[in-house]
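Presented below is the structure to which this report refers.
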Amino acid sequence: MPILLAIDTSTEACSVALFDGQSIDEHYIEAPREHMLRLLPMIDEVLAARQLALRDLDGIVFTRGPGSFTGLRITLGVVQGLAFGANLPVLPVSTLAVLAQTAATPALSGSYIFSAIDARMDEVYCAWFEVDTNGLVVARSDEYVCAPEAAPSIERAGACYGVGTGWSYAQRLPIVDCQSIDAAALPRAGAALRLALPRWMAGEQMSAAEALPVYLRNDVAWTKSGTNQK
């Protein structure tokens, strides 16, 4: 099994996780505006806890958005710096999928999760996911940035669960039959690893130069040199 590091700073939370081939060790903190201060020490801590160095890794997993513009810039900058320096491949995963994965378990197989992040400006980032028999989420819609009232609906046979800060707009979302809602849920690097492992084994990793964030908003773009353009 690969040895993988995962990084997430796409929302108010900052987390890193390490899969050492057997188990996942995660360090997580909710520290808005402190990601730059917290992230590198957390990476050092999670590696040191398993007596590993960057050169021992097989690659790096990261949340690619949608999410905070600043947070995604921090994630990608650190990931590319580490990956280029240690000659490591990377694997991006959807922030919305990772958020949904924080609520998914094999016991929820066949259920649906509506993942929503507060995008500010009276909008949400959102998407639908279904839980498979392994307890992993599978996308069942595109990802959207929209007013809460415009959130998409899909045909579904299983129970529905809601996760994410976008559910602070619960009264405006056209989804009224959820079994439970966790409006405080944020993405976690450990969930990113669980989603990434089968994709890594399938060979979906890429070079750090190919890694780009996903913002969804049309007025934000990213160049491979790492500069943002309006």
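The values are calculated or read from the model by the stated rules, or taken from the named source; none is laboratory data. Remember, predicted model here, so these are calculated numbers, not experimental data. FYI the Cβ positions are ideal-geometry reconstructions off the backbone, even for glycines, and counts take in every protein chain you see.
So that you can scan it fast, the table gives a plain yes or no per residue for (1) at pLDDT below 95; (2) not in a helix (DSSP H, G or I):
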site	(1), (2)
145	no, yes
149	no, no
158	yes, yes
166	no, no
171	no, yes
181	no, yes
191	no, no
198	no, no
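Out of 76, 88, report the one residue that is in contact with a Gly (Cβ under 8 Å, 6 or more places away or on another chain), assigned to a helix (DSSP H, G or I) and not basic (Lys, Arg). First the steps, then the outcome.
Numbers: 88 fails: assigned to a helix (DSSP H, G or I).
After applying the criteria, what remains is 76.
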- prompt: Which residues, taken from the range 18-40, are assigned to a strand (DSSP E or B) and among the acidic types (Asp, Glu)?
  reply: 25, 26, 30
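Among the residues of the range 200-213 satisfying the criterion of being part of a loop (DSSP other than H, G, I, E, B) and buried (at least 19 other Cβ atoms within 10 Å of the Cβ), which is nearest to the chain's Cα centre (by Cα)? Steps first, please.
Just the residues of the range 200-213 that are part of a loop (DSSP other than H, G, I, E, B), to begin with: 202-205, 207, 211-213.
Restricting the remaining residues to those that are buried (at least 19 other Cβ atoms within 10 Å of the Cβ) gives 205, 211, 213.
On the way: 205: 16, 211: 14, 213: 11 Å.
Step by step, filter the range 200-213, then rank; the result is 213.
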- prompt: Pairs, please: C-beta under 9 Å, at least 6 apart or cross-chain, first residue outside the structural domain of residue 165 (by TED's automatic domain parsing) and in the range 11-26, second polar (S, T, N, Q)?
  reply: 11/63; 11/68; 11/95; 11/165; 12/68; 12/165; 15/9; 26/15
query: (1) out of contact with any Phe, Trp or Tyr (no Cβ under 8 Å at 6 or more places or on another chain); (2) within 15 Å of residue 192 (Cβ to Cβ): which one isn't true of residue 81, the others all being true?
result: (2)
